[in-house]
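To start, the structure under review is shown below, and the notes come after it.
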Amino acid sequence: YMRIILAGISHETNTYCDGLTTERSFHSVRGASMLGRAGQETDVGGAVSACQRLRIEAVPLLFTQAQPSGTIERETFESFAAEILEGIELARAESEIDGVVLLLHGAGVVEGIQDLEGELASRVRNLVGEAIPIAASFDLHGNISPRMCEVLNGVFACHQYPHIDLHKQAEAAVAHVAAMVRDGELACCEIVNAPLLLPTTTTFVGIGSETLDRVLEREKAADVVDISWFHGFPYTDIE
C-alpha cells in the first residue's frame, strides 16, 4: 500500500512579454477533478493512470497551468505554492505519505524568483524531509536547473516534439517514485552540459530523430533511469 502526492504548477514564461501573468490566466484542477483525468494523454492523466495501474493511492492536490505569457505575479505563485504545501501537510496528518510527484514545465519565472520549479521543489523538500522520494515531469522546452537536481530524486522531461509523450513521462515519474519506495533507495540527478545546439526541428525526421534515437539508446546502455535531453542549460552564460 502506497500513497503518492500529485501536484504541479506549469507555465512557459516569456519574460519579454509586457504585463504579469495572474491567477485569472491559470486553469486549475483539484482533488477528484484530477482523478477524473485518468486515461488522458496529459501529464495529469498519465500520473493518475500510473497510480491506478500500480495500485497506488493518488493524493491529488492542485494542478494549475496557463498559456505561455509574461512573468508570473508573485502573489499568484505564493497562493498556488501555499495551497500545495498545505495540502501535503493535511495529507500527512491523515496518513503517512510515501512520495511526491510534481507535474511541472521547467520554464517558470516569477517576480523575484528566476526558477519557479526549483523554488517549489525546494519548498516541498523542506516540508517532507530528505527521506521522501520526489520526482517531477517536465515539458520539452523546460530547463533543468542545478537547484532542481539538488532536491529531486528523478527528472522526467518529455522527449518528443510535438509533445506527444507528456503522459508517458508523468507515468515514468510515478513508477520511479514507487520503485524508490519499494527498494528503499533514493536516486539522484546529474546535469551534463553537452557542447552542442540542435536546430529547430521535429523529433520524427532528420537530425532530431537521429539524436533522440541516440539518447534513448544511451538510456538502455547506461545505469540511468531517464535522460532528459535538450535540458540542462544553466542560468549563467555558457563560455
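Summarising the amide proton neighbourhood of V59: residues at separation of 5 or more, or on other chains, whose placed amide H is nearer than 5 Å comprise I4, I5, L6. Placing pseudo-labels 7 Å out from each Cα toward the beta carbon at H141 and A221 gives an inter-label distance of 3.2 nm. Paramagnetic label reach from Q52 (point 7 Å along Cα→Cβ; backbone nitrogen cut-off under 17 Å): within the range 96-111, no residues. Multiplying the residue separation of L186 and A93 by 0.36 nm and subtracting their alpha-carbon distance yields 31.1 nm.
On the basis of the beta-carbon distance and an R0 of 35 Å, A194 and D18 show a calculated FRET efficiency of 0.50. Sorted from greatest to least, the principal axis extents spanned by the alpha carbons of the chain come out as 50, 45, 32 Å. Selection among T71, V124, L6 by position relative to the dipole of the chain gives L6 as farthest towards the positive end (Cβ unit charges, Cα centre).
Got a number for carbon plus sulfur as a percent of the chain's accessible area, 1.4 Å probe? Summing carbon and sulfur atoms, their accessible area is 49 percent of the total for the chain. On a per residue basis, the range 113-207 carries 46 Å² of accessible surface, using protein heavy atoms and a 1.4 Å probe. With a Förster radius of 22 Å applied to the C-beta separation of E111 and R30, the computed FRET efficiency comes to 0.35. Ordering of 59-69, 81-91 by packing is 59-69, 81-91, highest average first (other Cβ atoms within 10 Å, averaged per residue). Of V181, F204, A194, which is farthest towards the positive pole of the range 168-216's charge dipole, taken about the Cα centre with +1 and -1 on the beta-carbons of Lys, Arg and Asp, Glu respectively? Toward the positive end, the furthest listed residue is F204.
V205 contributes about 90 Å² of solvent-accessible surface, heavy atoms of the protein only, 1.4 Å probe. Protection proxy ranking, highest mean first, for peptides 29-35, 213-219: 29-35, 213-219, where packing is the per-residue count of other beta-carbon atoms within 10 Å, averaged.
The values are calculated or read from the model by the stated rules, or taken from the named source; none is laboratory data. Just so it is clear, the model here is predicted, and its values are computed rather than measured. Here Cβ is always computed from backbone atoms with ideal geometry, including for glycine, and neighbour counts include all displayed protein chains. All accessible areas refer to the heavy atoms of the entire protein, side chains included, with ligands and DNA or RNA removed. Shrake-Rupley method; radii C 1.70, N 1.55, O 1.52, S 1.80 Å.
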